[in-house]
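Participant: One structure is given below, represented as structure tokens, and several questions about it will come after.
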Amino acid sequence: EKLSVGLLFGGESPEHEVSIVTARAIAEHLDASRFTVRPMGIARNGVWAVTGDPFARLAAGELPERSAHPFLPLEKGAEATALPDLFFNALHGAGGEDGQIQGYLELLHRPYTGAGLLAMAAGMDKWITKRLWESEGLPVVPYVGLTEERWRREQAVCLAECAKLGLPLFVKPANLGSSIGVEKVKRAEDLAAALDRAFTFDRRVLVEQGLDVREIEVAVLGGDEPQVSKPGEVIVADEFYTFEDKYLHGKSRTEIPADIPEELADLVRKLAAKAFAASDGYGMARVDFFLERLSGRVFLNELNFIPGFTSISMYPKMMAASGVPYAELLTRLIDLALARHAQTA
Ligand code: ADP
Ligand code: MG
Ligand code: MG
Ligand code: K
């Protein structure tokens, strides 16, 4: 008997389109001898499209009508849809990568790929992530975390605290991705306006020391004893790795494995495993590092529990270079989901 896999994609985040591309790749490569795919597209209005060809319907921008049942986000006419045996989560960003969908799937009592609710929510929040890593003595870039309330209450004190970090600074909303809302601030007099803009995205914002860095990434797969890939590098063309660069007119290149000394690669892989564990990681994560050019020091930047995941994205390419081709990666993630569910059910 084959397992039916509810493939969740789309979603209400800005990564809606890239998620459609990812899900098509997953559907194409899933082991057909073990699994049947049930594409479930979350349209931009939050309604789950599960009938017809959900890939085509979401790609066309369709906004399905919600069923009359007030408790369910399902489309009208799909009320009789059976629950799949498990869910494969291909949703990036808000709603899919931040614990929301994980909580919903827990309530449905079905296994799902990736980490649990707590890890996903904490991994989405760059401020919480840094605190978890700092508590384990892991190296993070010096930063100041600000809430919107505090910023409104005592701007001068906040600015003085940030000034201690020097220049340039990076200002970023705590709970976003794809470089949305990330700004490089080169002059002290520009910081207040940058903070005001960041607070339009989130009530929690980070101000970080801006370093001159190489960007090194590692793919992690598994549970308590995860497999850690060889590091790769994103060679950034612009001033930093921006949304445009990531999705629109990417001038950046990637290199796998990264051209770094072996001892450094070992250090990065060790730190990645520790960071994954400190964040209660499970399933997969791409752990991103900064390698400071001048000092050669290594810092953990962030971790992404649902990183870019088309067959040519960094995470799958790093895993493939470490001996796990895409189709096997999908099977491993599903087996991890089943194992985790068996532990907690
Ligand atoms: P996102 O989750 O949106 O990818 P990041 O924290 O990774 O957010 O920031 C996006 C990009 O901004 C990074 O890949 C890097 O190019 C640049 N960046 C962020 N923080 C710093 C920093 N402290 N120093 C130098 N560059 C940074
Ligand atoms: Mg991110
Ligand atoms: Mg990033
Ligand atoms: K993240």
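Participant: Arrange Tyr241, Tyr112, Tyr104 by Cβ neighbour counts within 10 Å, fewest through most, would you?
Facilitator: On the way: Tyr241 20, Tyr112 24, Tyr104 15.
Least to most surrounded, the residues fall as Tyr104, Tyr241, Tyr112.
Participant: With label points built 7 Å along Cα→Cβ from the Cα atoms of Thr344 and Ala321, find their separation and express it in nm.
Facilitator: 3.2
Participant: Count charges around Arg34 for me, please; just the other residues with Cβ under 13 Å from its Cβ, Lys/Arg as +1, Asp/Glu as -1. Numbers along the way, then the final one.
Facilitator: Working: positive: Lys2, Arg332; negative: Glu1, Asp31, Asp85, Glu328, Asp335.
Once all neighbours under 13 Å are counted, the net charge is -3.
Participant: Give or take rounding to whole Å, what are the principal axis extents of the alpha carbon atoms in the chain, in descending order?
Facilitator: Dimensions of the chain along the principal axes of its Cα atoms: 60, 47, 40 Å.
Participant: Same structure, new question: So if R0 is 25 Å, what FRET efficiency would Glu161 and Arg203 give, r being the distance between their Cβ atoms, rounded to the nearest 0.05?
Facilitator: Working: r = 18 Å, r/R0 = 0.71.
Once the sixth-power term is evaluated, E becomes 0.90.
Participant: May I ask which residue of Ala198, Val157, Ser322 lies farthest towards the positive end of the charge dipole of the chain, with charges of +1 (Lys, Arg) and -1 (Asp, Glu) on Cβ and the Cα centre as origin?
Facilitator: Val157
Participant: Starting from the Cα of Lys270, draw a straight line to each of the aspartates and glutamates and keep only those under 16 Å, dropping any in the same chain fewer than 8 residues away.
Facilitator: Excluding near neighbours in sequence, the set is Glu134, Glu136, Glu217, Asp224, Glu225, Glu262, Asp280, Asp288, Glu302.
Participant: If you don't mind, there's one more thing I want to ask. Placing +1 at every Lys and Arg Cβ and -1 at every Asp and Glu Cβ, with all other atoms neutral, what dipole size does region 143-209 have around its Cα centre, in debye to the nearest 20?
Facilitator: On the way: 11 positive and 10 negative charges, 13 e Å.
It comes to approximately 60 debye.
Participant: Follow-up. Set Lys and Arg Cβ to +1 and Asp and Glu Cβ to -1, take the dipole of region 184-265 about its Cα centre, and tell me which of Leu211, His249, Val236 lies farthest positive.
Facilitator: Most positive-ward Cα: His249.
Participant: Same structure again: For region 139-215, what are the per-bin percents of Cα-Cα distances with bins 5 Å wide, up to the bin holding the maximum?
Facilitator: 3, 17, 30, 28, 16, 5, 1, 0
Participant: Let me know the charge dipole size of the chain about its Cα centre in debye, to the nearest 20, where only the beta-carbon of Lys, Arg (+1) and Asp, Glu (-1) is charged. Before the final figure, lay out each step's value.
Facilitator: Working: 37 positive and 49 negative charges, 44 e Å.
Here the chain has a charge dipole of around 200 debye.
Participant: Arrange Ile306, Ile256, Ile312 by Cβ neighbour counts within 10 Å, fewest through most, would you? Write out the running numbers ahead of the final one.
Facilitator: Details: Ile306 28, Ile256 17, Ile312 12.
Taking fewest neighbouring Cβ atoms as first place, the list is Ile312, Ile256, Ile306.
Participant: Before anything else, pin down the relative contact order of the chain: Cα pairs under 8 Å, at least 6 apart, normalised by residue count, whole percent. Could you put the intermediate results ahead of the total?
Facilitator: Numbers: 690 pairs, mean separation 57.9, N = 345.
Reported relative contact order: 17 percent.
Participant: Mind sorting Thr254, Thr344, Thr129 by how few other Cβ atoms lie within 10 Å of their own Cβ, fewest first? If you can, show how the numbers build up before the last one.
Facilitator: Numbers: Thr254 17, Thr344 9, Thr129 22.
Least crowded to most crowded, the residues run Thr344, Thr254, Thr129.
Participant: Same structure again: Could you list, in their original order, any pairs among Lys130/Lys230; Lys2/Lys274; Lys164/Lys251 whose Cα atoms are separated by more than 28 Å? Spell out each step's value before the answer.
Facilitator: Numbers: Lys130/Lys230 23 Å; Lys2/Lys274 36 Å; Lys164/Lys251 33 Å.
Table pairs above 28 Å Cα-Cα are Lys2/Lys274; Lys164/Lys251.
Participant: Return the calculated 222 nm mean residue ellipticity for the chain, to the nearest 500 deg cm²/dmol, obtained by summing -39500 (n - 2.57) across DSSP H runs with n ≥ 4 and dividing by the residue count. Kindly include the intermediate steps, with their values, before the conclusion.
Facilitator: On the way: 11 runs with 113 residues, N = 345.
Estimated from H runs of four or more residues: -9500 deg cm²/dmol.
Participant: Dipole magnitude of region 151-284 about its Cα centre, charges +1 at Lys/Arg Cβ and -1 at Asp/Glu Cβ only, in debye to the nearest 20?
Facilitator: On the way: 18 positive and 24 negative charges, 98 e Å.
Charge dipole, region 151-284, about its Cα centre: 480 debye, nearest 20.
Participant: Mean separation of Cα pairs under 8 Å and 6+ residues apart, divided by the residue count of region 98-140: what relative contact order is that in percent?
Facilitator: On the way: 27 pairs, mean separation 15.1, N = 43.
Computed over region 98-140, the figure is 35 percent.
Participant: How much length would be gained if the chain were fully extended between Leu107 and Ile312, taking 0.36 nm per residue of separation minus their Cα-Cα distance, in nm to one decimal?
Facilitator: Details: separation 205, 0.36 × 205 = 73.80 nm, distance 3.34 nm.
Taking Leu107 through Ile312 to full extension adds about 70.5 nm, to one decimal.
Since every read-out is calculated from the coordinates, none of them should be taken as a lab result. Values in this document were obtained by computation on a predicted structure and should not be read as measured data. With ideal geometry, Cβ positions are generated from the backbone for all residues, glycine too; neighbour counts draw on all protein chains shown.
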